[in-house]
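The values are calculated or read from the model by the stated rules, or taken from the named source; none is laboratory data. Because the structure is predicted, anything quoted here is derived from the model rather than measured. Here the Cβ positions follow ideal geometry from the backbone for every residue, glycine too, while neighbour counts run over all protein chains shown.
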Number of protein chains: 2
Amino acid sequence: MTTRHKMLLGGVELLRERGAAGVTVDAILARTATPRGSVYHHFPGGRGQIISESLDLAGDAIAAIIDDSLADGPVAGLRRFAAFWTQILQTSDFKAGCPVIAVAVGGAPDDELAHKVATIIERWQASLRASLVAAGVSEQRAVPLATMAMASIEGAVILCRTTRTITPLNDVVDELTAMLAIVVPQRG
Amino acid sequence: MTTRHKMLLGGVELLRERGAAGVTVDAILARTATPRGSVYHHFPGGRGQIISESLDLAGDAIAAIIDDSLADGPVAGLRRFAAFWTQILQTSDFKAGCPVIAVAVGGAPDDELAHKVATIIERWQASLRASLVAAGVSEQRAVPLATMAMASIEGAVILCRTTRTITPLNDVVDELTAMLAIVVPQRG
DNA sequence: GTCTATACGAAGATAGAC
DNA sequence: GTCTATCTTCGTATAGAC
């Protein structure tokens, strides 16, 4: 594990808990026990570069989790995706949520970062839409269904943080499952 | 309009756009054109007090909007609630979202504020659950349905900010309407 | 690559005049 | 109630040694 990578992982953690505003150089150093002298060696662009690269890292990692989760179709996929959030919420004592959403809600510091957030989320949605279409849902129906799924899961993660329980996420997954059971053609 | 109230409205605006971290004394003064010398006169608790009171004000205002929206039942209510968000999003050029969610996602500065956020959201949920029950939904079913509605609408507001369109919110309301059409006993 | 020290700026808060 | 000036703290960034 390189110092550079440790710093980025610290950046992702801070994004999860407090959004872009929470990613300060001091906070990363305190959390990762990395040397202050290395910050501008690894990141000549300073704090802004750390935020940007942490966001990229988080976006790619979650995209991979989504794609993996969807291997057995959209219904099982959403449940696995929710299980990933459950783990994040519980291991962080409900302090951490979605790092990408946190940047969106906290207001991106600049347009480049805002655009990056939009691109990442659109990519997640595209995976979900493709999975729905592969399961037999029409392209037209897949669009609002994928939006509904992403909005409700991301919203539920936030409600889990406020209630300090995983109940909202479980409820939403159950409702989504019921909804998709009607819409997605069943096999067997 | 008193100076004190102007400052709080500025605080609510900043909460919407950037969460608690965005509510700085300087930002409020720049936005509301109120005198710097009045800050600690009206708010001896300083910045923390402004954030806390702004959150209260926002929570109460949105609770009132929810209760009003639900006057003709849950289905019409969710549509009216979404229309409120549409107005906020469009008039702010998609820069503003839900101030209470923004505090939750950005990490509340202290436990008192975190507890306040939880209380506010639980109150919104209670209104929605009561409306569902009044429409004939069982108390058991009303809980996850209200969670689903709140999570998906709040999530959609965030997606609207990233896409800079109201499409996610419209899609979610349509899906919720279809879902409730199945669950809520129809009259007539 | 990493260290210490320091410059610089932003923001919260206070003091005392009016 | 509002003013200006000032103090302090914190966070970013740089300089120069090792």
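Things to note:
- Test for A:Leu113: is it over 14 Å from the mean Cα position of the chain (by Cα), among the aliphatic types (A, V, I, L, M) and within 12 Å of chain B (Cβ to nearest Cβ): yes
- Residue satisfying all of: in region A:154-175; more than 8 Å from chain B (Cβ to nearest Cβ) and outside any loop (DSSP other than H, G, I, E, B); farthest from A:Ile120 (Cα to Cα) among these: A:Asn170
- Cross-chain or 6+ apart pairs with Cβ under 7 Å, region A:33-46 first and near DNA strand D (Cβ under 7 Å from one of its atoms), then among the hydroxyl-bearing types (Ser, Thr, Tyr) and part of a helix (DSSP H, G or I): A:Gly46/A:Tyr40
- When region B:131-149 is limited to residues that are away from every other protein chain (no Cβ under 11 Å), assigned to a helix (DSSP H, G or I) and without any contact (Cβ under 8 Å) to a residue 12 or more places away in the chain, the one that is surrounded by the most Cβ atoms within 10 Å (Cβ to Cβ) turns out to be B:Val133.
- Only one entry of A:Met7, A:Met1 meets the criterion of being within 15 Å of DNA strand C (Cβ to nearest atom), crowded, with 21+ Cβ neighbours inside 10 Å, away from every other protein chain (no Cβ under 14 Å) and more than 16 Å from A:Ala96 (Cβ to Cβ), and that entry is A:Met7.
- Filter result for the condition that a residue is surrounded by 14 or more Cβ atoms within 10 Å (Cβ to Cβ) and not in a loop (DSSP other than H, G, I, E, B), over A:Ala96, A:Ala102, A:Ala71, A:Ala64: A:Ala102
- Options A:Arg36, A:Arg18: the member that is basic (Lys, Arg), within 14 Å of another protein chain (Cβ to nearest Cβ) and over 13 Å from the mean Cα position of the chain (by Cα): A:Arg18
- Test: B:Ala33 is within 21 Å of A:Gly19 (Cα to Cα) and surrounded by fewer than 22 Cβ atoms within 10 Å (Cβ to Cβ): no
- Residue in region B:132-143 that is modelled with pLDDT of 95 or more and under 26 Å from A:Ser92 (Cα atoms) present: yes
- Which listed residue is part of a helix (DSSP H, G or I), within 14 Å of another protein chain (Cβ to nearest Cβ) and near DNA strand C (Cβ under 10 Å from one of its atoms), from B:Ile28, B:Ile88, B:Ile51: B:Ile51
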